[in-house]
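Everything on this sheet refers to the single structure shown next.
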Amino acid sequence: MTYLYRFASIWLVFISFFSVQRVYAQPAGYTVKGVVTSANGEKLDAAGIYLENTKYNALTSSDGSFVIRNVASGQYRLICTYLGYQKFEQEITVSNQNLQVNIALQPDVKVLEQVVIIGQKEVNTVQRMPEIEGTMVYAAKRNDVIQMDRQNSNTAQVVQRQIFSKVPGITIWDFDGSGTQVNIATRGLNPHRSIEMNVRQNSNVVNSDLFGYPEAHYAPAMEGVRKIEFIRGSASLQYGPQFGGLLNYIMREGDPNRKVAFETQETVGSDLLFASFNSLGGTVGKMNYYGYFNYRSSEGYRPNSGYYNYSGYASVGYKFSEKFSARLEFSKMYYVDQLAGGLTDSMFNEDPYQSTRSRNYFQPNFNIPAVTLLWKLSENTSVSLLSNYIIGQRNSVMFIAAPTIPDTISSSTLEYAPRQVDRDYYNSFATEVRWLQKYEVGKQNHALSAGLRFSDNQTHRQQRGEGTTGSDFDLSLISPYLTDLHFKTINLAFFAENIFHIGPNFSVTPGFRMDIIKTTSSGYVNYLPEDMDYDKIRNIPLGGCGLQYNLSNQVNMYANFSQAYKPVLYSDLVPSSTLDVVDPDMKDAYGYQADLGIRGSIKEILRFDAGLYYLYYANRVGVITLQDSTGADYNYRTNTGNTEAKGLEAFLEFHPFQWIGTHAIGDISIFTSTSTDAAKYLKGNIVKNGQNVDIAGNKLENAPDFITRTGITYSYSKVSVTLQYSYTSETYSDAANTVSSANGISGIVPAYGIFDMSGVIDFGKYNLRGGINNLLNDKYFTRRINTYPGPGILPGDGRTFYIGFGAKI
């Protein structure tokens, strides 16, 4: 702790010194900047710009802008490339001043004659972040940017194995076809509602309660998402807690060239699927607006697994000047999901699609207003301010019991048993200010990104209320809640990262973060002798550093190391029975991650990103058995285990027709996204059959050794079709590495492989989309669980189809 404080102090003094000294430094070179657009004015994201036969290069940001810094005086050939457009080349002269070059790319007519742009765009569905975008620093970080409008994936049902198909190492829990929850993780972490990730929308946090209950109940309609940014490992420094990194949904904006633009996408499919997405957007003067309404419903693949989902989004942005802009947003999500219940192993083998529950329901309701302010104070100084407020609920009414216990009508009362009602209410406010300062020192360009974040997260939890004996969705109570608790967490964080460029190709990016967390809880649990009263303050420093070396304009090597932590969850603070005791000095989980990799492309022929990783995760929370002064056993919840995960994450995409140099018969993209994960307990203890069991050496639960998603996309004229195979090796569902159990709650989750096919016919203003999920009708499951939404085995859906029609007006 003392060492980290000293490290932070020395580093900040170091930055301050050079920031002052920069006024005496002579410029090392000049800046070449500009904006890349299409012929009709559309700003192009991630276009490549480079000066031929040099190391100078850049990618455009989402607003089409690019900056190449530290360019020495001389004559150069500037080249810009973007799929579906003609290569742009221009001779430029850099001499005694900065240079502005605005580029308007023309469509590649030869490509358009054979392969429509939608087909060409589809192949580059995943890109990488530039070193700097806005006030954020991405240098040396392992990152993926999923371009949603370039995918053939089934976005109507949010089929996550398709959406994240080109992001290696993604573990997915797929236990119903509703697509209402995004359940992903990497590197041996828990996928449940992406609980190990910092989930954001337009960079605003949308985790229900980031510190005490960080599950992400909210997810936007994927048709309204422009891109998904995924940063693992070193994301903890800029974005705070969670080992899993950042998952950031960047929403679409209004058409910059039209005052009114309407889009609709209507989808139908198996099990009475109906999805309707409708959006309206445009630009009027300095105002840009965009909004959508999305409705989706289905009877579900299993009996008693129907759902209906409403979601909406609205944003209005205003550009007051070239230096200042503001945007207001509002997001809404409401759905009711019927839960078919869990299965035992014998039930699954007999009929994996049977239902054991007909009266269980889950219902979240979220409203999220947000505001974003952007200032460009000068060419080298930018400031952003983001604030949002989460007003949400998580409600359920269920008959909770093992699948071996049927939910039947009593012969004495002629009624079902009363159901259990659980309700959470979330009120979370957060505001975050970031500052980016670019400067020159030692004949090199550098950049400092720093920020402050304040959040106030409140959760009111009411559980174990006695509900009705009915069968419909009803949160009414017969008897009051036996658990009624209030939790509150206040967080203040400071963070900073600095890119130091050492020569034209090498950069070092150290970073530091300090979190101050105050958590309180109060309320009652009926089986505890006294009300809860918890109050604790923690100071958590984090440090890290990233390295990046550019081997060429298209290829770079990266390495990074950063610390991370996960706050103690509210559920860990509450004893689960009268025999449980919670450690009052329980610590937050902490650890670190490291990455070493290489990424880039060879022309338009080959794209790749391969890297090794290591994750250390200490202070996992568990339960051990102790004895009191009378010799009686009791369960003690405390920090019990440390784990590690290490392996390889690799993405490779090959375009054979680009290699051959022909578009005569279309374009083929062959990709694979593959990972290995050796994850195990270094030390740990759990209670099994009333005894403490040492689990050191056991495999980490929910951590597959091998994941691969491999596919091929063929595009010709207006048609693009993708065939994908997804394979995940077997995992254990618990830390004890239980092989099987009579009630299905614990055991092995067998390996499974699934084929999907999806495609689009794009006519410009109109399109047809369709596909088949689980093409070969494989029977599989990805999860066992001891509570909601089971308990027991939760099977994935069998073969289903969908077909959709879209129009842009």
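The values are calculated or read from the model by the stated rules, or taken from the named source; none is laboratory data. From a predicted model like this one, the values you see are computed outputs, not experimental measurements. With ideal geometry, Cβ positions are generated from the backbone for all residues, glycine too; neighbour counts draw on all protein chains shown. All accessible areas refer to the heavy atoms of the entire protein, side chains included, with ligands and DNA or RNA removed. Shrake-Rupley method; radii C 1.70, N 1.55, O 1.52, S 1.80 Å.
Could you check the range 221-252 and list, in sequence order, the residues that are basic (Lys, Arg) and open to solvent by 20 Å² or more (accessible area, probe 1.4 Å)? ARG226, ARG252, listed by residue number. Is it the case that the range 753-771 has a residue that's modelled with pLDDT of 95 or more and in a loop (DSSP other than H, G, I, E, B)? No.
Check the range 543-557 and report whether any residue there is of a type in the set (Val, Ile, Thr) and crowded, with 22+ Cβ neighbours inside 10 Å. Break it down into steps so the answer makes sense when it comes.
At the first step, the residues of the range 543-557 found to be of a type in the set (Val, Ile, Thr) are 555.
Within this subset, residues satisfying the condition of being crowded, with 22+ Cβ neighbours inside 10 Å are none.
Looking through the range 543-557, none of the residues is of a type in the set (Val, Ile, Thr) and crowded, with 22+ Cβ neighbours inside 10 Å.
For the range 781-791, state whether one or more residues are closer than 30 Å to ILE400 by Cβ and of a type in the set (A, V, I, L, M).
Within the range 781-791, the subset closer than 30 Å to ILE400 by Cβ is 781-791.
Narrowing further to those that are of a type in the set (A, V, I, L, M): 785.
Within the range 781-791, one or more residues are closer than 30 Å to ILE400 by Cβ and of a type in the set (A, V, I, L, M).
Among the residues in the range 518-533, are any basic (Lys, Arg) and crowded, with 21+ Cβ neighbours inside 10 Å?
If we filter the range 518-533 for residues that are basic (Lys, Arg), which is where we start, we get 518.
Then keep just the ones that are crowded, with 21+ Cβ neighbours inside 10 Å; that gives none.
Scanning the range 518-533 turns up no residue that is basic (Lys, Arg) and crowded, with 21+ Cβ neighbours inside 10 Å.
Quick check on the range 253-276. Is at least one of its residues open to solvent by 60 Å² or more (accessible area, probe 1.4 Å), under 22 Å from the mean Cα position of the chain (by Cα) and under 30 Å from GLU131 (Cβ atoms)? Checked the range 253-276: at least one residue is open to solvent by 60 Å² or more (accessible area, probe 1.4 Å), under 22 Å from the mean Cα position of the chain (by Cα) and under 30 Å from GLU131 (Cβ atoms).
Counting only residues that are surrounded by 18 or more Cβ atoms within 10 Å (Cβ to Cβ) and over 23 Å from GLY697 (Cα atoms), the range 620-633 holds 0 of them.
Restricting attention to the range 649-691 and to residues that are more than 28 Å from the chain's Cα centre (by Cα) and of a type in the set (S, T, N, Q), the residue that is surrounded by the fewest Cβ atoms within 10 Å (Cβ to Cβ) turns out to be ASN689. Residues that are surrounded by 17 or more Cβ atoms within 10 Å (Cβ to Cβ) and outside any strand (DSSP E or B): does the range 634-643 have at least one? Within the range 634-643, none of the residues are surrounded by 17 or more Cβ atoms within 10 Å (Cβ to Cβ) and outside any strand (DSSP E or B). Could you tell me whether PRO791 is open to solvent by 20 Å² or more (accessible area, probe 1.4 Å), at negative phi and more than 24 Å from the chain's Cα centre (by Cα)? No. Only one of the numbered conditions (1) touching a Ser or Thr at 6+ places or on another chain (Cβ under 6 Å); (2) at pLDDT 95 or above; (3) in a loop (DSSP other than H, G, I, E, B) is not met by LEU189, and that is (1). Any chance the range 380-394 includes a residue that's of a type outside the set (Asp, Glu), over 26 Å from VAL225 (Cα atoms) and open to solvent by 10 Å² or more (accessible area, probe 1.4 Å)? Scanning the range 380-394 turns up at least one residue that is of a type outside the set (Asp, Glu), over 26 Å from VAL225 (Cα atoms) and open to solvent by 10 Å² or more (accessible area, probe 1.4 Å).
Just one of the listed residues (LEU492, LEU482) is under 30 Å from ARG357 (Cα atoms), of a type outside the set (Gly, Ala, Ser) and open to solvent by 10 Å² or more (accessible area, probe 1.4 Å), namely LEU482.
Here's a check for you: in the range 51-63, which residue that is under 21 Å from LYS603 (Cα atoms) and within 31 Å of the chain's Cα centre (by Cα) is surrounded by the most Cβ atoms within 10 Å (Cβ to Cβ)? My answer is THR60.
Counting only residues that are of a type in the set (Asp, Glu) and in a loop (DSSP other than H, G, I, E, B), the range 304-356 holds 2 of them.
Looking at PHE506, PHE454, PHE512, which one is farther than 23 Å from LYS376 by Cβ and touching a helix residue (DSSP H, G or I) at 6+ places or on another chain (Cβ under 6 Å)?
Details: PHE506 fails: touching a helix residue (DSSP H, G or I) at 6+ places or on another chain (Cβ under 6 Å); PHE454 fails: touching a helix residue (DSSP H, G or I) at 6+ places or on another chain (Cβ under 6 Å).
Checking each option against the conditions leaves just PHE512.
Here PHE608 does not fit the description of being touching an Asp or Glu at 6+ places or on another chain (Cβ under 9 Å), of a type in the set (A, V, I, L, M, F, W, C) and surrounded by 19 or more Cβ atoms within 10 Å (Cβ to Cβ).
Taking only the range 195-215 into account, find how many residues are open to solvent by less than 10 Å² (accessible area, probe 1.4 Å), of a type in the set (Gly, Ala, Ser) and within 17 Å of GLU329 (Cβ to Cβ). Count: 0.
From the set of residues in the range 132-179 that are modelled with pLDDT of 90 or more, charged (D, E, K, R) and not in a loop (DSSP other than H, G, I, E, B), which is nearest to VAL719 (Cα to Cα)? Filtering the range 132-179 for residues that are modelled with pLDDT of 90 or more, charged (D, E, K, R) and not in a loop (DSSP other than H, G, I, E, B), the one nearest to VAL719 (Cα to Cα) comes out as ARG161. ARG434 fulfils the conditions (1) surrounded by 16 or more Cβ atoms within 10 Å (Cβ to Cβ); (2) within 28 Å of TYR788 (Cβ to Cβ) except for a single criterion, (2). Counting the residues of the range 707-751 that are under 24 Å from the mean Cα position of the chain (by Cα), part of a strand (DSSP E or B), crowded, with 17+ Cβ neighbours inside 10 Å and polar (S, T, N, Q) gives 6.
Show me the strands (runs of 3 or more DSSP E) entirely contained within the range 500-606 in which 1 or more residues are among the aliphatic types (A, V, I, L, M) and without any contact (Cβ under 8 Å) to a residue 24 or more places away in the chain. Steps first, please.
Details: elements: 506-525, 532-550, 555-566, 580-582, 589-602.
Because the criterion is at least 1 residues that are among the aliphatic types (A, V, I, L, M) and without any contact (Cβ under 8 Å) to a residue 24 or more places away in the chain, the strands (runs of 3 or more DSSP E) in the range 500-606 that meet it are 532-550.
Here PHE755 does not qualify as closer than 18 Å to TYR732 by Cβ and either crowded, with 17+ Cβ neighbours inside 10 Å or among the aliphatic types (A, V, I, L, M) (or both).
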